[in-house]
Amino acid sequence: MRFNPGGRTAALSLIFAACLAGAPAFADVDVAGVRVPEQLAEGSQAMTLNGAGMRTRFVVKVYVAALYVTTKSHDAAALIDSTQPRRMRLRMLRDVDSKSLDGALQDGLRDNTSSQELAALIAPAERLSRLMSDIGAAREGDVIDLDFDARGVAIASNGKPRGRIDDPAFARALLRVWLGDSPAQASLKKALLGN
């Protein structure tokens with residue numbers, strides 16, 4: 001049997017093309033008319049959409065939330081306790097003043113954190129209030145990013161860094177606003193978990 005190097009190259013090319021054809025294509029999703037990217041690239045770190053949904057209050061559309069992770073998971077506790085980068089992106093669907101936005105976050109903290117743990121998180125919760133005040137009113141179309149990591153959480157609005165809260169326990173408590181046992185909205189939690 002003769003060795004045919006051209007035939008081997010052709011065969012490898014066919015195998016490679018077949019692999020590419022079977023590879024999943026990344027497609028953006030649409031939530032309430034908002035395009036939500038399937039992937040985000042932040043520096044050298046790529047994150048994938050875990051899930052996205054709409055937050056409503058009574059019947060009013062407030063924002064589209066999208067949770068980005070390095071490894072997808074349907075397990076809320078695993079996502080909350082992870083030390084890997086995670087991003088909660090909120091794209092506003094209406095104008096919301098900073099006091100209302102902060103009030104909703106503080107309510108979510110109280111609803112998902114024991115009173116003993118909450119007492120230990122007073123300083124970072126007050127820091128969150130100051131950061132929300134610095135952001136001011138969030139207008140329709142604005143984007144607020146909460147970047148969670150092993151050290152805590154960083155907050156940005158429309159791509160502009162607003163500050164960090166370096167407290168891992170507070171970061172976990174803040175993520176429970178959406179993924180905890182008493183989330184801001186059960187249907188949104190389900191959507192963020194990719195269910």
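The values are calculated or read from the model by the stated rules, or taken from the named source; none is laboratory data. Predicted, not measured: the structure shown is a model, and the values here were computed from it. Using ideal geometry, Cβ is built from the backbone for each residue, glycine included, and neighbour counts are taken over all protein chains shown. Protein only, heavy atoms only, side chains kept; ligands, DNA and RNA dropped before computing areas. Shrake-Rupley method; radii C 1.70, N 1.55, O 1.52, S 1.80 Å.
Scanning segment 54-84 for residues that are β-branched (Val, Ile, Thr), more than 21 Å from Ile155 (Cβ to Cβ) and not in a strand (DSSP E or B) returns Val59, Thr71. Residue pairs whose Cβ atoms lie under 8 Å apart, sitting 6 or more positions apart in sequence or on different chains, and linking a residue in segment 136-158 that is at positive phi to a partner that is open to solvent by 40 Å² or more (accessible area, probe 1.4 Å) and in a strand (DSSP E or B), are Gly141/Arg91; Gly152/Arg164.
Can you find, within segment 36-82, the residue that is nearest to Val177 (Cα to Cα) among those that are in contact (Cβ under 8 Å) with a residue 24 or more places away in the chain and of a type in the set (Val, Ile, Thr)? The selected residue is Ile80. When segment 58-73 is filtered for residues that are loosely packed, with under 13 Cβ neighbours inside 10 Å and within 14 Å of the chain's Cα centre (by Cα), only Thr71 remains.
Restrict the check to segment 28-35 and report whether at least one residue is small (Gly, Ala, Ser), more than 19 Å from Gly159 (Cα to Cα), more than 16 Å from the chain's Cα centre (by Cα) and in a loop (DSSP other than H, G, I, E, B). Yes, that holds for at least one residue.
Put simply, of Arg94, Arg55, Arg89 the only residue that is crowded, with 18+ Cβ neighbours inside 10 Å, over 19 Å from Gln39 (Cα atoms) and among the basic types (Lys, Arg) is Arg55.
In summary, strands (runs of 3 or more DSSP E) completely within segment 109-195 and bearing 2 or more residues that are more than 16 Å from the chain's Cα centre (by Cα) occur at 160-165. Per this entry, Arg87 is not counted among residues that are over 18 Å from the mean Cα position of the chain (by Cα), modelled with pLDDT of 95 or more and closer than 20 Å to Gly159 by Cβ. When Gln106 is tested against (1) under 19 Å from Gly180 (Cα atoms); (2) surrounded by 18 or more Cβ atoms within 10 Å (Cβ to Cβ), only condition (2) is not met.
Residue-level check: of (1) under 21 Å from Leu193 (Cα atoms); (2) open to solvent by 10 Å² or more (accessible area, probe 1.4 Å); (3) in a helix (DSSP H, G or I), Lys99 misses just (1).
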